[in-house]
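**Student:** Take this structure first; my questions come after.
Here, each number is a calculation from the coordinates, and none is a lab measurement. Please read all numbers here as calculations on a predicted model, not as lab measurements. Because the Cβ atoms are built from the backbone with ideal geometry, glycine has one as well, and the counts that use them run over all protein chains shown.
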Amino acid sequence: MKKIGVLTSGGDSQGMNAAVFATVRCALSQGLTVYGIHDGYQGLIDGVAEELTAKSVEGIVHRGGTVLGTARCAEMKTPEGQQKAVATLKKYGIDGLVVIGGDGSFQGAKALSTGYGIKVIGIPGTIDNDLAYTDYTLGFDSAVAVVVNCVTQLRDTMSCNKRTCVVEVMGRDCGDIALYAALACGAEAVCIPEKPYDADLLAKKIAHNLSAGKTDNIILVSEGIRFDGTLEKGHKADKVMKDLLQRLPDLNVRSVILGHLQRGGDATVYDRKLGIMMGALAVKCLAEGKTDRVIGIKNDVVFDEDMLEALAKKKSFNEQVFNLTKSLVEY
Ligand code: ADP
Ligand code: F6P
């Protein structure tokens, strides 16, 4: 192994830059040449790679987004797209690739290794925390921190106006951002895809809080929640607000969609450390000739695991955190 590549793919997340930084610096310190591929698999398909130096990654560890750029690239799912990607890797003599992204990006990496013998290592970069094999993905901690800061600000205005606020957060089909933010900011209710949505129960809870004198109520809603088992189009917070008003017509309520704010801003210290440790281990794996591995963290220990086995795992739901979150805001 003499030359490796690194790319970031799918939704960007804080901590990706820290992983890029460590990948580059660790590879250089082992005498490897490193190429950065811009805009995820699109860059590979377009055929351009840039040789990275220690200077190229100076001062990026804390920054949100990804200096390599990212993209969602449908062509990578086709054999033609994959052949173009492989041609680029061959052109630059890259025999190992570090892919920083979510499970979709890992599928792309797997296609390159299974079909074309490229050595690939995946680093989990997504705010969603939706990968079962690892306790945390890069960006999750930072996204939760953004939500908690935003809710703290919302509390100021909601409390002096005696308002209820329905706040929608990201996470796709995974409720972790909503759940852990709810725990950390004391949201009065949390609606997540892992639990059935019950509009009557939610309205009852808010009515109870109001009668108990709790007049500012924060309801955190995950974008992945389903209504009557179906995923409705449009913002979930607006539908939840409508449901509440149908049941409590006098409710003083607003909805806020946090959206892409959650993917912006500096990475937390946790995500910086995690990105660095994961990038370092990814390079170690490639240097040892390993392939088809994903990097994860369990009980504070960073490890590598077979990619397919890791992706086959089903994420378990933390019932204890859910119950604790609810119990802390009983009135
Ligand atoms: P994430 O990596 O965050 O899960 P996506 O699911 O959007 O995000 O995947 C990112 C990119 O990975 C896709 O745009 C595509 O380029 C590539 N990809 C996803 N699934 C596959 C697949 N089955 N085969 C090849 N490439 C894939
Ligand atoms: O996967 C990360 C994520 O931020 C999800 O939480 C969200 O549903 C999606 O990406 C948004 O995608 P886009 O940036 O393409 O709007």
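**Student:** Please compare each pair in Lys119/Lys314; Lys55/Lys290; Lys214/Lys326 to a cut-off of 21 Å on the Cα-Cα distance and tell me which ones are over it.
**Tutor:** Among Lys119/Lys314; Lys55/Lys290; Lys214/Lys326, the Cα-Cα distance tops 21 Å for Lys119/Lys314; Lys55/Lys290.
**Student:** On C-alpha positions alone, give me the angle between the axis of helix 199-211 and the longest principal axis of the chain, in degrees, nearest 10.
**Tutor:** Approximately 60 degrees, to the nearest ten.
**Student:** Using a 10 Å cut-off around each Cβ, can you sort Ile121, Ile94, Ile206 from fewest to most neighbouring Cβ atoms?
**Tutor:** Ile206, Ile94, Ile121
**Student:** Show log10 I(q)/I(0) for the chain at q = 0.07 Å⁻¹, two decimals, from a solvent-free Debye sum over equal Cα scatterers.
**Tutor:** With one equal scatterer per Cα and no solvent, log10 I(q)/I(0) is -0.32.
**Student:** How large is the charge dipole for the chain, taken about the Cα centre, if only the Cβ atoms of Lys, Arg (+1) and Asp, Glu (-1) carry charge, to the nearest 20 debye?
**Tutor:** Charge dipole, the chain, about its Cα centre: 220 debye, nearest 20.
**Student:** Near the amide H of Arg293, under 5 Å away, which other amide H atoms are found, from residues 5 or more places off or on another chain, if H is placed in the peptide plane?
**Tutor:** Val120, Gly122, Met307
**Student:** Shifting gears a bit: Between the stretch 262-322 and the stretch 36-84, what is the separation of their alpha carbon centroids in Å?
**Tutor:** 20
**Student:** Can you pull out the GluC sites (Glu not before Pro) in the stretch 186-273 whose DSSP state is coil and whose Cβ has at most 14 other Cβ atoms within 10 Å? Working shown, then result.
**Tutor:** Working: sites: Glu188, Glu194, Glu223, Glu232; in loops: Glu188, Glu194, Glu223, Glu232.
Qualifying residues, ordered by number: Glu232.
**Student:** Students often check this: by mean Cβ neighbours within 10 Å, which of 62-70, 297-305, 257-265 ranks highest, and how do the rest follow?
**Tutor:** Going from most to least packed, we get 62-70, 257-265, 297-305.
**Student:** Another one. Hey, which aspartates and glutamates would be in cross-link range of Lys77, C-alpha to C-alpha under 17 Å, not counting anything within fewer than 8 residues on its own chain?
**Tutor:** By straight Cα distance, Lys77 reaches Asp39, Asp46, Asp103.
**Student:** Right, here's the next one. Relative to the first principal axis of the alpha-carbon coordinates of the chain, what is the inclination of helix 236-247, with its axis defined by its Cα atoms, in degrees from 0 to 90 and to the nearest 10?
**Tutor:** Computed tilt is about 10 degrees.
**Student:** May I pose another question? If you consider only alpha-carbon coordinates, what radius of gyration and Dmax does the stretch 179-299 have, in Å?
**Tutor:** Computed over the Cα atoms of the stretch 179-299, radius of gyration and Dmax are 20.2, 65 Å.
**Student:** Further question on the same structure: Based on the Cβ-Cβ distance of Asp300 and Ala132, what FRET efficiency does E = 1/(1 + (r/R0)^6) give at R0 = 22 Å, to the nearest 0.05?
**Tutor:** Plugging the Cβ-Cβ distance into 1/(1 + (r/R0)^6) gives 0.80.
**Student:** Here is a follow-up. Between their Cα atoms, which of Lys204/Lys236; Lys195/Lys313; Lys90/Lys315; Lys90/Lys110 are more than 27 Å away from each other?
**Tutor:** Lys90/Lys315
**Student:** May I ask you to sort Ser9, Ser255, Ser113 by Cβ crowding, counting other Cβ atoms within 10 Å and putting the fewest first?
**Tutor:** Ascending number of Cβ neighbours within 10 Å: Ser113, Ser255, Ser9.
**Student:** Could you list Leu32, Leu138, Leu231 in order of exposure, starting from the residue whose Cβ has the fewest other Cβ atoms within 10 Å? List each step's numbers first, then the result.
**Tutor:** Working: Leu32 18, Leu138 35, Leu231 12.
Fewest to most other Cβ atoms nearby, the residues stand as Leu231, Leu32, Leu138.
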